[in-house]
Amino acid sequence: MRKKLLTTVLSALCTITAWAQTDSLQRIFVYSPGETRGLHIAIQENDAWREAGQLCSSDYGTWGAEKKMYHPSVCRASDGTWRLVFQVNDRAPLFAAAYSRDLVNWRPQDYPIMSTTKCLEPVVFSNPDGTFDIYYKSPQGKRWTSATPNFRDFTPDRASEISDDAWIRDTATVGGKLYEGNSFEISQKDWAAIEQHFRQQAADGRLSAERMHDDAKNPTLPTSPIKVTLTIDPSRQKPISPNLIGIFFEDISYAADGGLYAELVQNRDFEYSSKDRREWNATTAWHSTRPIEIATENPLSKNNPHYALLWPKDTLWNEGWDGIAVEKGKKYDFSMYVLGGGQKQDFMILLVDEDGTVLAKSKLKTAASAWTQYATVLTAKGSNAKARLAIVPLKAAHVGVDMISLFPQETFMNRKNGLRRDLAQVIADLKPKFVRFPGGCMTHGQGLENIYHWNETVGPLQDRKPDFNIWGYHQTRGLGFYEYFQFCEDIGAEPLPVLAAGVPCQNSAANAKGIGGQQGGIPMDQMPAYIQELLDLIDWANGDPATSKWAKMRADAGHPAPFNLKYIGIGNEDIIGTVFEERYTMIARAIRAKYPDIKICGTVGPFHTPSADYQEGWDFTRRNPDLQYMVDEHYYESTGWFMHHRDYYDKYSREAPSGAVGGATKVYLGEWAASTNVKRPNVETALAEALYLTDIERNGDVVEMTSYAPMLCKDGHSNWNPDMIYFSNTEVRPTPAYHVQRLFSVYGGDTYVNSRLTIDNSKFAHRLGASVVRNSKTGKTYVKLVNALPCELQLTVNGLDIPATARTEGFEGKPEDRRLDIKTGEAGTAIVLPPYSFRAIEL
Ligand code: AHR
């Protein structure tokens, strides 16, 4: 210990002397002020250290419980680039490793897996040949591994005799506290760039905090009418994507099971378990006069091992999803599988309200020796929002029952195993051009075992493989890939399946080996099978039933014609680390080779620029232009952020990098939403989104698709806010966000007509939006106008004749209003936009 202290003091003295002699250099100190606070930088000023800001933070493991950085060690390579390693916890057989050119932009972290149980206090040193030595401590003693110059490949670890001096670090007192870390000298130019980064971050934070809700407190904003000119130049037009507005569908907040999927029985297959939710088991949502007996011998399907054994007089009740909404006069299809062992059993099937009044009943006679499905129809004689289903055995037989199901006959398009009509209709009214499915985080799952496998969601319902839902409940997979593709066809939308890139969600908890996050990805020896699974999806969707077993499965399910799949998404906002890039490359190459016409969508992580994943994602895309037609961007931001980043896509390159398959890589803004501290869509968030969508239309040559996320949220089961549509068993409540999406979809086009809004005071320009598009299918021109100011706008339009009788649709309100009245009308002789309003004009 004494030796370590002495060395530290000496090293500090030497470096201070060196700095004094070279005043063009700036001394910096990188350290962590606490395990949840990431890596910070301090600078030396007048012999004291001043904290300058955070450089990066841990991205390892689950949110909340993990994401910790212990003992960061930083070194600088001879080419001036930087390497960071740190310990992630005291259990995992890995450490974190990251690379940076400038200390502020870090490549997404890699977590190389070592042979020891723990990797404690890793330290990194650069070698003259460009490689790096990393030492760490473990229960097996000191260990060593070496990394390649790009810091992506690490040799297998081995025992090391290195002296303890390797762990001696610099010290500095920052904000009155003594920290260990690494001290370096950097040029004033490099320091200026770091300072500029922090200044930019702070300025961005101030702009992002702007809220319409606070406008009354802002005396600089106009309150009396202002004049605005919209100059349209029909001679300057460009083609834009006709598919700009689509939907993101994920089973989050009970969006599918208990939501859009019209099944009214909860836990119909007795497959709930504590994996779904700690307190759940096979009998959850079921009730009986005696404890329910669950059996697993001779199951209906190997993927569906649990069923209930019913004794005479054992009435079995299902509570539904927060009750079963029953409507007088409507018909309900009841079905169940029975294992009778040769015994006959008659059942009375009932729908009963909260007071015990029978709303519907029907007798079901069964006499099965093997599992057999029986069905009957219940006709409701009364209505109740919280009814229950009862199954009453009438004879003295002891039988097994499974897959107990109740569907309203009136599903969307009357499909069997279909979707809730009211909810699906609201979605269809949005006229989405595509549907993304199944997520979101559902796609890549909570750990390797929970990755979504599309092929486990097709075929007979009892053979589909249920699984836990990353959002804390259960996936029946009743709304699987077949139902998804059918829905797309029914509403005229392109399917955009998004499947895992061979890695689970980076926020996954640790597996049995203590490996969290991406868990090292699907092991390489299993990747060929996984890649085949993705190829099979394309075959299933588009293949010929006469020659393909997958296409035959589609035909057997009722759809002999191909679904004409055009897009496939690989990866969902993953960490764009080495584990991801290796697997993505393998998958994308295989798809390109077998299905060159399929448009592949990659991912650039969970956040916009300048996040690490975004930057590396786009770098990867530029390095591999043939591996993706477009990339999926995600960002949930404040209304202020959207209002102040109106030129986000104006800056995107339109040039195709060499090796590109087509033109420049397109953007799919796959998850986005504006929010305020209220966390619910309101007029403020809707207007911020509308402003941004006018910018997206202007950039519709580079942005191919967008989808607001999440789409659905069931009352009482929210995993996320804001959402586009809230619903209960009996109600569907589209939000202002929904209306904006619908208006941009219905009044969308395929040609952008150049236009410019001018106002006297350009300080308010970020609060105004206009976009003019032509639609070759409808033959119409649509003008969309957004006023996010607290004053009326009086608009003069040049370059396009807007007749007074032109049809308009739009809304206005107060920023905090959560409900909108959509109004239709006529443009009038003078176009006036009330405060906080939106108008679409049809010409
Ligand atoms: O949209 C909700 C979630 O947000 C998605 O599942 C995930 O991709 C993102 O983080």
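The values are calculated or read from the model by the stated rules, or taken from the named source; none is laboratory data. Bear in mind that the values here come from a model prediction, so they are computed numbers and not experimental data. Backbone-built Cβ (ideal geometry, glycine too); neighbour counts: all protein chains shown.
Assorted remarks:
- One residue stands out among those in region 50-107 that are small (Gly, Ala, Ser) and part of a strand (DSSP E or B): the one that is surrounded by the fewest Cβ atoms within 10 Å (Cβ to Cβ), which is Gly53.
- Region 663-678, residues that are within 15 Å of the ligand (Cβ to nearest atom) and either among the polar types (S, T, N, Q) or more than 17 Å from the chain's Cα centre (by Cα) (or both): Ser675
- Only residues that are within 15 Å of the ligand (Cβ to nearest atom) and either part of a loop (DSSP other than H, G, I, E, B) or surrounded by fewer than 24 Cβ atoms within 10 Å (Cβ to Cβ) (or both) were counted in region 244-258, giving 7.
- Qualifying residue in region 284-295 (condition: among the hydroxyl-bearing types (Ser, Thr, Tyr), within 29 Å of Thr379 (Cα to Cα), modelled with pLDDT of 95 or more and assigned to a loop (DSSP other than H, G, I, E, B)): yes
- Residue match in region 704-718 (condition: more than 13 Å from the ligand (Cβ to nearest atom), among the polar types (S, T, N, Q) and more than 20 Å from the chain's Cα centre (by Cα)): no
- Checking every residue in region 496-503 against the condition of being within 16 Å of the ligand (Cβ to nearest atom), at positive phi and assigned to a loop (DSSP other than H, G, I, E, B) gives zero matches.
- Count of region 598-635 residues, restricted to those that are under 18 Å from Phe437 (Cα atoms) and over 19 Å from the mean Cα position of the chain (by Cα), is 2.
- The residue of region 718-735 that is farthest from Leu430 (Cα to Cα), among those that are of a type in the set (D, E, K, R) and free of Cβ contacts under 8 Å to residues at least 60 places away in the same chain, is Glu731.
- Restricting region 544-597 to residues that are acidic (Asp, Glu) and within 21 Å of Thr443 (Cα to Cα), the residue that is farthest from the chain's Cα centre (by Cα): Glu582
- Scoring Asn507 on the criteria (1) at pLDDT 95 or above; (2) more than 16 Å from the ligand (Cβ to nearest atom) leaves a single failure, condition (2).
- Test: residue in region 651-662 that is within 16 Å of the ligand (Cβ to nearest atom) and at pLDDT 95 or above: no
- Within region 414-445, considering residues that are surrounded by fewer than 23 Cβ atoms within 10 Å (Cβ to Cβ) and farther than 30 Å from Tyr747 by Cα, the one farthest from the ligand (Cβ to nearest atom): Lys416
- Flag for Gly478 being away from the ligand (no atom under 16 Å from the Cβ) and under 18 Å from the mean Cα position of the chain (by Cα): no
- Residues satisfying the stated conditions in region 361-386, i.e. small (Gly, Ala, Ser) and buried (at least 16 other Cβ atoms within 10 Å of the Cβ): Ser362, Ala368, Ala380, Ala385
- Options Thr585, Thr609, Thr547, Thr603: the member that is in contact with a strand residue (DSSP E or B) (Cβ under 7 Å, 6 or more places away or on another chain) and either of a type outside the set (Lys, Arg) or over 16 Å from Ala500 (Cβ atoms) (or both): Thr603
- Pairs meeting the criteria (first residue in region 423-448 and under 20 Å from Glu704 (Cα atoms), second residue of a type in the set (Gly, Ala, Ser) and not in a loop (DSSP other than H, G, I, E, B), beta carbons under 6 Å, at least 6 apart or on different chains) are Leu430/Ser745; Lys431/Ser745; Pro432/Gly246; Lys433/Gly246; Phe434/Gly246; Arg436/Ser707.
- Number of the exception - Leu461 against (1) over 27 Å from Ala737 (Cα atoms); (2) within 16 Å of the ligand (Cβ to nearest atom); (3) of a type outside the set (D, E, K, R): (2)
- Scanning region 789-835 for residues that are within 26 Å of Leu221 (Cβ to Cβ) and acidic (Asp, Glu), we see that the one that is surrounded by the fewest Cβ atoms within 10 Å (Cβ to Cβ) is Asp821.
Residue-by-condition table, conditions (1) modelled with pLDDT of 95 or more; (2) assigned to a loop (DSSP other than H, G, I, E, B); (3) under 15 Å from Ala256 (Cα atoms):
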site	(1), (2), (3)
Glu449	yes, no, no
Tyr452	yes, yes, yes
Val458	yes, yes, no
Gln462	yes, no, no
Lys465	yes, yes, no
Trp471	yes, yes, yes
Tyr482	yes, no, yes
Phe485	yes, no, yes
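- Selection over region 446-458 of residues that are within 17 Å of Ser274 (Cα to Cα) and away from the ligand (no atom under 12 Å from the Cβ) gives a count of 3.
- Test result for Asp215, within 30 Å of Lys814 (Cβ to Cβ), of a type in the set (Asp, Glu) and in contact with a Leu (Cβ under 6 Å, 6 or more places away or on another chain): yes
- Filter pass, Glu637 being within 16 Å of the ligand (Cβ to nearest atom) and part of a strand (DSSP E or B): yes
- Subset tally (residues that are part of a loop (DSSP other than H, G, I, E, B) and buried (at least 18 other Cβ atoms within 10 Å of the Cβ)) for region 36-49: 1
- Only one of Val732, Val740 that is surrounded by fewer than 21 Cβ atoms within 10 Å (Cβ to Cβ), at negative phi, of a type in the set (A, V, I, L, M) and away from the ligand (no atom under 16 Å from the Cβ): Val732
- Failed item in (1) away from the ligand (no atom under 16 Å from the Cβ); (2) within 30 Å of Tyr635 (Cα to Cα), with Gly472 passing the rest: (1)
- Selected residue (only one of Asp650, Asp626, Asp613 is closer than 28 Å to Thr685 by Cα, part of a helix (DSSP H, G or I) and touching a residue at least 24 places away in the same chain (Cβ under 8 Å)): Asp613
- Qualifying residue in region 574-587 (condition: within 16 Å of the ligand (Cβ to nearest atom), assigned to a strand (DSSP E or B) and either small (Gly, Ala, Ser) or touching a residue at least 40 places away in the same chain (Cβ under 8 Å) (or both)): no
- Consider region 260-299 and keep the residues that are loosely packed, with under 15 Cβ neighbours inside 10 Å and of a type outside the set (D, E, K, R). The one that is nearest to Thr476 (Cα to Cα) is Ser274.
- Asp544, sole failed condition from (1) part of a loop (DSSP other than H, G, I, E, B); (2) in contact (Cβ under 8 Å) with a residue 40 or more places away in the chain: (2)
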